[in-house]
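Participant: I have a structure here, written as structure tokens, and I will follow up with some questions on it.
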Amino acid sequence: MLFLLTLILLILGCFIEPLAIMIMILPVILPILQTYNISFLHFGVVMTLALMMGLLTPPFGECLFILSAITGVPVARVTRATAPYLIGISMVLLLIMYIPSLVTWLPGVLIK
């Protein structure tokens with residue numbers, strides 16, 4: 001279920017601003033998270049990373065256009081330059097998605 005929710009967030013993140021996605025989708029997703037006993041903290045980190053990836057993913061990645069405007073480099077070249085980072089971010093996203101203790105360990109230690 002977490003993989004499906006992350007996939008939806010990745011797709012939405014390519015087209016819509018992250019804050020708008022959070023406002024629209026969180027009221028629907030929170031009951032699903034409670035049903036499947038997924039930590040809100042864990043999902044918050046996964047959601048933030050997935051939406052950040054959406055900002056760097058074509059066709060409407062906002063950060064790509066901002067980088068292009070600031071540097072004067074064409075969007076296609078900026079997209080090629082950011083591709084290796086997207087691969088790394090994808091690996092981290094998969095890791096924290098399937099190993100929740102990577103995200104929840106430190107807050108768990110600090111709260112006790």
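The values are calculated or read from the model by the stated rules, or taken from the named source; none is laboratory data. Keep in mind the model is a prediction, meaning the values are calculated, not measured. Every residue, glycine among them, receives a Cβ derived from its backbone with ideal geometry; neighbour counts consider all protein chains shown.
Participant: With the condition kept exactly as written, say whether any residue in the range 33-51 is part of a helix (DSSP H, G or I), touching a Pro at 6+ places or on another chain (Cβ under 8 Å), more than 22 Å from Met1 (Cβ to Cβ) and free of Cβ contacts under 8 Å to residues at least 60 places away in the same chain.
Facilitator: No, the range 33-51 has no match at all.
Participant: Would you pick out the residues in the range 4-19 that are surrounded by 11 or more Cβ atoms within 10 Å (Cβ to Cβ) and assigned to a helix (DSSP H, G or I)?
Facilitator: Leu5, Thr6, Leu7, Ile8, Leu9, Leu10, Ile11, Leu12, Gly13, Pro18
Participant: Scan (1) at pLDDT 90 or above; (2) surrounded by 14 or more Cβ atoms within 10 Å (Cβ to Cβ); (3) not in a loop (DSSP other than H, G, I, E, B) for the single condition Leu30 breaks and write down its number.
Facilitator: Evaluating Leu30 over (1) at pLDDT 90 or above; (2) surrounded by 14 or more Cβ atoms within 10 Å (Cβ to Cβ); (3) not in a loop (DSSP other than H, G, I, E, B) leaves (2) as the failure.
Participant: Suppose we filter Leu30, Leu10, Leu64 for residues that are within 16 Å of Ser90 (Cβ to Cβ) and out of contact with any Cys (no Cβ under 9 Å at 6 or more places or on another chain); which single one remains?
Facilitator: Details: Leu30 fails: within 16 Å of Ser90 (Cβ to Cβ); Leu64 fails: within 16 Å of Ser90 (Cβ to Cβ).
Checking each option against the conditions leaves just Leu10.
Participant: Let me ask something additional. Check Leu55, Leu106, Leu67, Leu110 and return the single one that is under 17 Å from Leu7 (Cβ atoms), at pLDDT below 95 and not polar (S, T, N, Q). So that I can check it myself, show each step before the final result.
Facilitator: On the way: Leu106 fails: under 17 Å from Leu7 (Cβ atoms); Leu67 fails: under 17 Å from Leu7 (Cβ atoms); Leu110 fails: under 17 Å from Leu7 (Cβ atoms).
Being under 17 Å from Leu7 (Cβ atoms), at pLDDT below 95 and not polar (S, T, N, Q) holds for just one of Leu55, Leu106, Leu67, Leu110, which is Leu55.
Participant: Oh, and also: Met91: assigned to a helix (DSSP H, G or I), aliphatic (A, V, I, L, M), within 19 Å of Val45 (Cβ to Cβ) and free of Cβ contacts under 8 Å to residues at least 60 places away in the same chain, yes or no? Talk me through it step by step, then tell me what you get.
Facilitator: Details: assigned to a helix (DSSP H, G or I): yes; aliphatic (A, V, I, L, M): yes; within 19 Å of Val45 (Cβ to Cβ): yes; free of Cβ contacts under 8 Å to residues at least 60 places away in the same chain: yes.
Criteria met by Met91.
Participant: Still on this structure: For the range 94-112, which residues satisfy the criterion of being in a helix (DSSP H, G or I) and either without any contact (Cβ under 8 Å) to a residue 12 or more places away in the chain or in contact with a strand residue (DSSP E or B) (Cβ under 9 Å, 6 or more places away or on another chain) (or both)? Let's see the steps before the verdict.
Facilitator: Filtering the range 94-112 down to residues in a helix (DSSP H, G or I) leaves 94-98, 101-111.
Matches in the range 94-112: Leu94, Leu95, Tyr98, Ser101, Leu102, Trp105, Leu106, Gly108, Val109, Leu110, Ile111.
Participant: Here is a follow-up. When you scan the range 65-83, do you find a residue that is exposed (fewer than 15 other Cβ atoms within 10 Å of the Cβ) and within 15 Å of the chain's Cα centre (by Cα), even just one?
Facilitator: Within the range 65-83 (the criterion being exposed (fewer than 15 other Cβ atoms within 10 Å of the Cβ) and within 15 Å of the chain's Cα centre (by Cα)), the answer is no, since none of the residues qualifies.
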